[in-house]
C-alpha cells in the first residue's frame, strides 16, 4: 500500500568536526531556516554519519564527532511508512531521519507527521475491520468513491450467502418437519459472528502490539477462552430456546450446535488474520467480512447437522 | 472512563523576570534533572503564567516575561485525558502542561506519553467496536478477565436473538408454506449487518476526526450512499436467489426486502452512535453489537412481512 508522508529538509546539519559551541551558534543564527531543532544531523559528504540532540549540544563542549550517536535509527526506501511511529516510540526519538538507498540524508519526518501517520493507521485499521476498502484513507470522500469502497465485500457476501442458502436448501425436509428450527437461525448466526468479531479485534490488536507473538500459544489461549464463552452463552441460549418454545429438544439442539459453532467461528477468526498476514496482506483488510461469511456457512451447517442427528 | 497517564515534574521552570541567557545557563547546569527541555514553564508563585520553547530562548535576548506565551494550552482536572493528543496536534506542541483546579502547575505530559495515549485510544476503539469491554485496555490479560470482558454483549445478544426468534415464530405458517424462505435468512442478516458495520466504522471515524460535524448533513449523505449500495447489492442478491431456486417471486422478495433492510440497518448504525454520544457514552462501546441485534430483528421482520404481503 502507498502512504504519502511529509519530510522536511529544514533541520540543522553539521560536519563531524564542528564544535558544539559553533553548532549552537549556527542554530541561533539560522533559527528562522529550521522547522525543528530537536536534533542536529551530522553529515559526512551527504551521508548521514551521526546525530546529536539539542540537549546534548547544550551539555557538551567538544566537537560533534566525539559525542554523536553513530548507531542511527532511520527510515530507508525499503521500510514501511507505518513503522515510523513504532521506530519513534520504541527508541524514544521525536523525529526520524530519512536516507535514500545510498545512505544519503534526505530530511526528517517531524513530530507532528509521526502522530499523523499513527492516526491514519488507526483509522485505516478501523475502516478495514468494518469492511470498507480505502486505498488512501485521508482522501476527500465523494459519494461515488464511497459506494466503490463499500460494494466489493457486499458482492462477495451475496455470493457466499447464496452458497449458504443452497446448503440450507438441502435440509428443507428437516426444516418443514420442524419449522421452529428456522426461527433460531438468526441468533445462531449472530452469536458466532459476535464472538468471531471479538476474536478478530483481539488478534489484530495483538499483531499490532507484538508482531513477533507466538501464534500457537495465542491460538491455544484463545481456544480455551472460546470454550468457556461458548459454554456459558450456548447454555443460556439453549435454556431460552427450550423455555420460550417449551421444547427441551429444541433447547438441546441450540445448546450443542451453538457451542460448536462458536468454537469454529473463533478458530476461523483467529487463524485467518494470521494466514493473511503470512501471505503478506494486511490482516484487517481481508478478514473482517470474509471470516464472517465463512463462519455463517459453518454455523448454519453445524446447526442443521446437529438437528438432523438429534431429531 | 478512567485513563491513567504519566506526568513528569522534571522540566525547567523559571520566573517571569529571568533573562533568556540565565534560563539557558540554568538548563545547561541542571540538564541531568530534566526529562525534557522542549519548553520552559514560567511560574508566578506556583501558578502557570506562561511558556517559552527552547527555540525561543535560543533566539531571544530579553527577560522571559517579555516574550513568553500567556495563552497556554493546558490540561485541567476537568478535561478528558483522551483529548490530550488532539490538544497537542491541533496546537503543534510537544508536551502538555498539567495544572490543578487552582491553576497551579503540576507537571507536563511528555511527548512519548502523548503517543501512548493515542495508541491506547485507537486500541480501545477497535476492541469496543469489536464488542469487547475493557475498562483498562492495557492491563495484563488473564483468561478470566477475557471471558468477563467478552460475555456481556453475548448475553444481550442471546436475549435479543430470542426476541427475534419469537417474532419469526409468528410467521411459521408462512415459512412452512414456502420453506425456501428460511434458506435466505442468513444472507439477509449478513447483508444488513455488513452494511451497518461499514456505516458504524465510518461514523465513529467521522466523530473522531471532526467532533463538531453537521449530523443532519452527514445522515443525509449516508442515506443516499446506502440507497445506492442497497439497490446494487439487493438487485444482485435477488437475481441470485431467483436464478438458483428458479423462482422469480423468491427473487423479488429478496430484492425488495434486502433493499429496505439495508437502508434500515444503515440508519440504525449511523444514528445510534450519534445518540449514544449525545447521552455522554463512548459511541464505539455501545453501538457495535447493539446496532447489530436491532438490525437483525428489523431485517427479519422486513423480510417476512414483505414475503407475506407478496405471497
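What the table shows:
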quantity	calculated
Condition met for residue A:221 (without any contact (Cβ under 8 Å) to a residue 12 or more places away in the chain, closer than 30 Å to residue B:122 by Cβ and touching a helix residue (DSSP H, G or I) at 6+ places or on another chain (Cβ under 8 Å))	yes
Qualifying residue in segment B:109-125 (condition: more than 9 Å from every other protein chain (Cβ to nearest Cβ), at pLDDT 85 or above and outside any helix (DSSP H, G or I))	yes
Segment A:70-92: number of residues that are touching a strand residue (DSSP E or B) at 6+ places or on another chain (Cβ under 8 Å) and either part of a loop (DSSP other than H, G, I, E, B) or closer than 18 Å to residue A:55 by Cβ (or both)	6
Qualifying residue in segment B:210-219 (condition: at negative phi, within 7 Å of another protein chain (Cβ to nearest Cβ) and assigned to a helix (DSSP H, G or I))	no
Tally, over segment A:16-37, of residues that are outside any helix (DSSP H, G or I) and in contact with a helix residue (DSSP H, G or I) (Cβ under 8 Å, 6 or more places away or on another chain)	7
Selection within segment B:181-199 - over 24 Å from residue A:126 (Cα atoms) and facing chain A (nearest Cβ under 7 Å)	B:182, B:183, B:184, B:185, B:186
Flag for residue B:40 being in contact with a strand residue (DSSP E or B) (Cβ under 8 Å, 6 or more places away or on another chain), within 14 Å of chain A (Cβ to nearest Cβ), surrounded by 14 or more Cβ atoms within 10 Å (Cβ to Cβ) and assigned to a strand (DSSP E or B)	yes
Residue in segment B:57-64 that is free of Cβ contacts under 8 Å to residues at least 24 places away in the same chain and under 25 Å from the mean Cα position of the chain (by Cα) present	no
Total residues in segment A:153-177, condition surrounded by 20 or more Cβ atoms within 10 Å (Cβ to Cβ), under 33 Å from the mean Cα position of the chain (by Cα) and more than 7 Å from every other protein chain (Cβ to nearest Cβ)	1
Complete set of residues in segment B:238-257 that are touching a residue at least 24 places away in the same chain (Cβ under 8 Å), within 13 Å of residue B:181 (Cα to Cα) and touching a helix residue (DSSP H, G or I) at 6+ places or on another chain (Cβ under 6 Å)	B:241, B:245, B:250, B:253, B:254, B:257
Every residue from segment A:265-296 that is outside any helix (DSSP H, G or I) and within 11 Å of the chain's Cα centre (by Cα)	A:281, A:282
Any hit, segment A:52-62, residues being in a loop (DSSP other than H, G, I, E, B) and surrounded by fewer than 16 Cβ atoms within 10 Å (Cβ to Cβ)	yes
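The values are calculated or read from the model by the stated rules, or taken from the named source; none is laboratory data. Here the structure is a predicted model, which is why all the values come from computation and not from measurement. Note that each Cβ is placed from the backbone with ideal geometry, even for glycine, and that neighbours are counted across all protein chains shown.
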